[in-house]
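Structure record follows, encoded as structure tokens.
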Amino acid sequence: MTGPLDITPARLADEALALQRKLGAALGTLREVEDPTVGATPREEVWRDGKVVLYRFRGDGEPTAKTPLLISYALVNRPYMVDLQVDRSIVRGLLARGEDVYVIDWGYPDRSDRFLTLEDYIERFLGGAVDHLRGTHGIEAVNLLGICQGGAFSLCYAALHTDRVRNLVTMVTPVDFHAGDNMLSSWTRELDVDLFVDTLGNVPADLMNWCYLMLKPFRLNLQKYVGLADILDDRKAVEDFLRMEKWIFDSPDLAGEAFRQFVKEFYQRNGFVQGGVRIGGREVHLGMVDMPVLNIFAEQDHLVPPESSKAMKGLVGSDDYTELSFRGGHIGIYVSGRAQKEVPSAIHEWLAQRA
């Protein structure tokens, strides 16, 4: 006889035996697993400003694209998420299609960086990388790929320097910071950010990580570790799991002044929508973004709801605006099997049509 959940003594015994076998196999698996390595693609440093480094990725062949593609990632996590491992790398997919790919590594801010501002990140660092590429390639404008907060930086830069961005691609980029069911946005709007930064200086990475984990406490703090038992007999799966954990907890502290400005201008004032964002004394108007724009968003994104990203359509001034909806979440858009098939090809084909 079975109950409503179809639980029987025999089924419980089978599941207990299966778990016992996996735990037994785990002893061998864990002895074989090495420290997880990240970054699948060879790269070389081509420009530096302090802790900020511009890298060029090297594929198996020479790039065929004439215009370099510069990736601007968020400050809160390390940019190797776009090149996590051989079979989970947006970068490798782009290189295989002939793109010439660069990425900005923002580094690990320390107390000497406490007073870096948004102007430093957008004009000095992002702008410096763009100018380096313009000079070394002998071109007027680059292709820019902004991801998450790096997408917001890219929108600001493109609005202020329309002549230096040929095509703009944004991925999971917040634009309307008050749109959608966004717990992070709700929390941040009530934050006394002046007291917060004046007390802490730089924002500790561990504090930020715990805030993100508490957005989905059961899923991110318990369920995934319970699920680890199911893969303990699979060395590759365990290595993939540990590599992702390394990325999650390998987070930089955030420069205090830039954090203060970003929270006030975007999360609290919703500056892209309401206007009034100022970078280095100049006001950012998204209506000035008149180059072609490809906006990619994730349908199950709990950090940047689709409504937040899709608000871009009514704000930018471009006559060539394209949206791409990805079935997945904020992280899956980089590392899932579907992403490897869909995202690099979509970006490359869109750029190729505008070469």
Does the stretch 203-210 include one or more residues that are touching a helix residue (DSSP H, G or I) at 6+ places or on another chain (Cβ under 6 Å) and surrounded by fewer than 17 Cβ atoms within 10 Å (Cβ to Cβ)? no
Checked against (1) β-branched (V, I, T); (2) touching a His at 6+ places or on another chain (Cβ under 9 Å); (3) over 24 Å from N182 (Cβ atoms), V273 satisfies every condition except (3)
Sole miss for E140 among (1) surrounded by fewer than 14 Cβ atoms within 10 Å (Cβ to Cβ); (2) farther than 23 Å from V46 by Cα; (3) touching an Asp or Glu at 6+ places or on another chain (Cβ under 9 Å) is condition (2)
If G281 satisfies all but one of (1) buried (at least 22 other Cβ atoms within 10 Å of the Cβ); (2) modelled with pLDDT under 95; (3) over 15 Å from Q149 (Cα atoms), what's the number of the condition it fails? (1)
Listing of helices (runs of 4 or more DSSP H) fully contained in the stretch 241-355 that carry 3 or more residues being touching a helix residue (DSSP H, G or I) at 6+ places or on another chain (Cβ under 7 Å): 256-262, 271-274, 332-335, 337-352
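Regarding R88, is this residue within 27 Å of G329 (Cβ to Cβ), modelled with pLDDT under 95 and within 20 Å of the chain's Cα centre (by Cα)? Full working, then the answer.
On the way: within 27 Å of G329 (Cβ to Cβ): yes; modelled with pLDDT under 95: yes; within 20 Å of the chain's Cα centre (by Cα): yes.
Yes: the conditions hold for R88.
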Which residue pairs have Cβ atoms closer than 7 Å, lie 6 or more positions apart in sequence or on different chains, and pair a first residue in the stretch 172-198 that is within 20 Å of L254 (Cα to Cα) with a second residue that is of a type in the set (S, T, Y) and modelled with pLDDT under 90? F177/S185
Can you run down the residue pairs with Cβ atoms below 9 Å, 6 or more apart or on separate chains, where the first is in the stretch 289-316 and in contact (Cβ under 8 Å) with a residue 12 or more places away in the chain and the partner is in a helix (DSSP H, G or I) and among the aromatic types (F, W, Y)? P292/W350; L294/W350; L303/Y212; A311/F272; M312/F272; L315/F272
Please verify whether the stretch 254-273 includes one or more residues that are among the aromatic types (F, W, Y) and without any contact (Cβ under 8 Å) to a residue 60 or more places away in the chain. no
Unmet criterion (only one of (1) crowded, with 24+ Cβ neighbours inside 10 Å; (2) over 24 Å from P344 (Cβ atoms); (3) not hydrophobic (A, V, I, L, M, F, W, C)) for G128: (1)
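The values are calculated or read from the model by the stated rules, or taken from the named source; none is laboratory data. Predicted model only: the values in this text are computed from it and were never measured. We place every Cβ from the backbone using ideal geometry, glycine too, and count neighbours over all the protein chains shown.
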